[in-house]
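First the structure, in the form of structure tokens, and then the observations on it.
FYI, it's all coordinate maths here, none of it is from the lab. Remember, it's a predicted structure, so these values are computed and weren't measured experimentally. Counting neighbours? That spans all protein chains shown, and the Cβs are built from the backbone with ideal geometry, glycine included.
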Amino acid sequence: MQPFSEEELQQMKISAAQGAKDRAIWKQMQDDEATWSSRSQHQLVYDSSRYIQLHRPDLVINAVLSVVATVRADTAH
């Protein structure tokens, strides 16, 4: 959810307004995707871009560990 930097906007050849529109569309798509499963979790991360694995690897690791724990709990029953 991090806004595009000036450099990113220039590289993509879009305005700040277009960048904001892109982010809004991206959020809508992510909101929709989160409804595909009754067990999904959707977390907005405002200090990261689409490359969350680079900006916030801690959150990616925690999400993977959460999935593993859920699967293990489900198979223990």
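Between beta-carbons, use under 14 Å as the cut-off and find the net charge around residue 12, counting Lys and Arg +1, Asp and Glu -1. Taking every Cβ under 14 Å from that of residue 12, the sum is 0. Treating each Cα of the chain as an identical point scatterer and summing with the Debye formula, the log10 of I(q)/I(0) at q = 0.24 Å⁻¹ comes to -1.18. Calculated mean residue ellipticity at 222 nm for the chain: -20000 deg cm²/dmol, from DSSP H runs with n ≥ 4 weighted as -39500 (n - 2.57), summed, divided by the residue count and rounded to 500. Are there any chymotrypsin sites (Phe, Trp or Tyr not before Pro) in the chain that are in a DSSP loop and have at most 12 other Cβ atoms within 10 Å? List them by number. The qualifying sites are 36, 46, 51.
When only the Cβ of Lys, Arg, Asp and Glu is charged (+1, +1, -1, -1), the dipole of the chain relative to its Cα centre reaches about 120 debye.
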